[in-house]
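A.B. asks: Would you mind keeping the following structure in view while I ask a few things?
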Amino acid sequence: MTQPLLRLEGVTKVYRMGQVEVPALRGVDLTVDPGAFLAIMGPSGSGKSTLLHIAGLLDRPTSGRVLWAGDDVTSLGAARLAELRGRHIGFVFQTFNLIPTLSALENVELPLVFQGARPRERRQRAAELLAVVGLADRQRHRPGQLSGGERQRVAIARALVSDPQLILADEPTGNLDSAAGREILEMLRGLNERGKTLVLVTHDAEAAGVARNILRMRDGRIEGEA
Ligand SMILES: Nc1ncnc2c1ncn2[C@@H]1O[C@H](COP(=O)(O)OP(=O)(O)OP(=O)(O)O)[C@@H](O)[C@H]1O
Ligand SMILES: [Mg+2]
């Protein structure tokens, strides 16, 4: 039996807003095996982004456990979590989250800066990844000088630059027209075919259609496979 890359066990998340408690996850079990391509669908507010943040070690559950490659990482310190994240997990967000003052190349390089890579190596690696997403001729463009689809391709290159095992994408096509969206989905599908493990959160049935498995969330719970 292969070891799951990621497991969530009985995960709950309660956000506290002053006196009010907002339950966002009400007991989620999730297993992500190496090579999986999982789509998570569900209505707005059902807890998809919350789940993705916890799966990506960006946030901690209120209760339950998070296992990375079999190790319980639920109560690791922030620095260790950041290190695991930096080394093994790439994120792609709906709003791209690129730094507007940096060029495409510098945006893609940034995760390697945090990992202490040498300038020449990280520039070369970033240039390779920009070529992979078809933007070899856009290295010096800043995000504001790129189309939406191109920006998302820069974000994908950035997510890939440290060769992570797991890519988490939260509505990566949400801000794109359908042609650009389809291009991004094809890119994600290609990454999965080359062995990357992906979890994709989406409202869009067409987007979910590129995944191998679809999970549905409702009201903080996973309802089962479609
Ligand atoms: N930082 C926060 N503080 C308080 N409540 C929050 C916070 N983030 C999310 N919530 C609440 O938790 C619930 C789940 O939110 P979440 O963002 O996970 O939903 P979602 O399924 O991603 O929705 P959408 O499809 O609209 O992106 C919602 O009711 C939301 O209002
Ligand atoms: Mg969301």
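Every read-out reported here was derived from the displayed coordinates using simple, explicitly stated rules and does not represent laboratory data. Everything quoted here is computed from the prediction, not taken from an experiment. Glycine also receives a Cβ, built like all others from the backbone with ideal geometry; neighbour counts cover every protein chain displayed.
A.B. asks: With viscosity set to 1.002 mPa s at 20 °C, what whole-number translational diffusion coefficient in µm²/s follows for the chain from Stokes-Einstein and a Kirkwood radius over Cα pairs?
C.D. replies: Estimated diffusion coefficient is 119 µm²/s.
A.B. asks: I'd like the FRET efficiency for ASP219 and ARG118, computed as 1/(1 + (r/R0)^6) with the beta carbon distance as r and R0 of 45 Å, rounded to 0.05.
C.D. replies: Plugging the Cβ-Cβ distance into 1/(1 + (r/R0)^6) gives 0.40.
A.B. asks: A further question follows. Looking at the chain, identify the longest residue range that excludes and avoids all trypsin sites (Lys or Arg not before Pro) in DSSP loops having at most 11 other Cβ atoms within 10 Å.
C.D. replies: 1-139
A.B. asks: Within a Cβ distance under 14 Å of VAL66, other residues only, what is the Lys/Arg minus Asp/Glu net charge?
C.D. replies: Residues close to VAL66 contribute a combined charge of +1.
A.B. asks: How far apart, in nanometres, would the label points at SER44 and MET17 be if each is projected 7 angstrom from Cα along the Cα-to-Cβ direction?
C.D. replies: So the label points at SER44 and MET17 sit 1.4 nm apart.
A.B. asks: What's the local net charge at GLY144, with K and R +1, D and E -1, over the other residues with C-beta under 12 Å away?
C.D. replies: +1
A.B. asks: From the backbone phi of the range 37-48, what are the Karplus-calculated ³J(HN,Hα) couplings (6.51 cos²θ - 1.76 cosθ + 1.60, θ = phi - 60°) in whole Hz, Gly and Pro given as x?
C.D. replies: Per-residue couplings from phi come out as 9, 10, 9, 10, 10, x, x, 4, x, 7, x, 5 Hz.
A.B. asks: Still on this structure: What is the distance in Å between the Cα centroid of the range 188-226 and that of the range 1-43?
C.D. replies: Computed from Cα coordinates, the inter-centre distance equals 14 Å.
A.B. asks: Still on this structure: Size of the dipole of the chain about the Cα centre, Lys and Arg at +1 and Asp and Glu at -1 on the beta carbon, nothing else charged, in debye to 20?
C.D. replies: The calculated dipole for the chain is roughly 540 debye.
A.B. asks: Taking the DSSP beta bridges in the chain as the whole, what percent of them are antiparallel, to the nearest 5?
C.D. replies: For the chain, the DSSP antiparallel bridge percentage is about 55.
A.B. asks: Let me ask something else about it. Measure nothing fancy, just the Cα-based angle from helix 78-88's long axis to the longest principal axis of the chain, in degrees from 0 to 90, nearest 10.
C.D. replies: Long axis of 78-88 versus the principal axis of the chain: about 60 degrees.
A.B. asks: So, with +1 on the Cβ of K and R and -1 on the Cβ of D and E, and no other charges, what is the size of the charge dipole of the range 139-226 about its Cα centre, to the nearest 20 debye?
C.D. replies: The dipole of the range 139-226 has a size of about 340 debye.
A.B. asks: Once Lys and Arg get +1 and Asp and Glu get -1 on their Cβ, which of VAL32, LEU176, SER147 lies farthest toward the positive end of the dipole of the range 6-225?
C.D. replies: Farthest towards the positive end: SER147.
A.B. asks: Same structure again: May I ask for the Rg/Rh ratio of the range 122-181, computed from Cα atoms with Rh as the Kirkwood radius, given to two decimals?
C.D. replies: Ratio of gyration radius to Kirkwood radius for the range 122-181: 0.96.
A.B. asks: What's the whole-number percent of alpha carbon pairs in the range 43-137 lying beyond 23 angstrom?
C.D. replies: Considering the range 43-137, 40 percent of its Cα-Cα pairs are separated by more than 23 Å.
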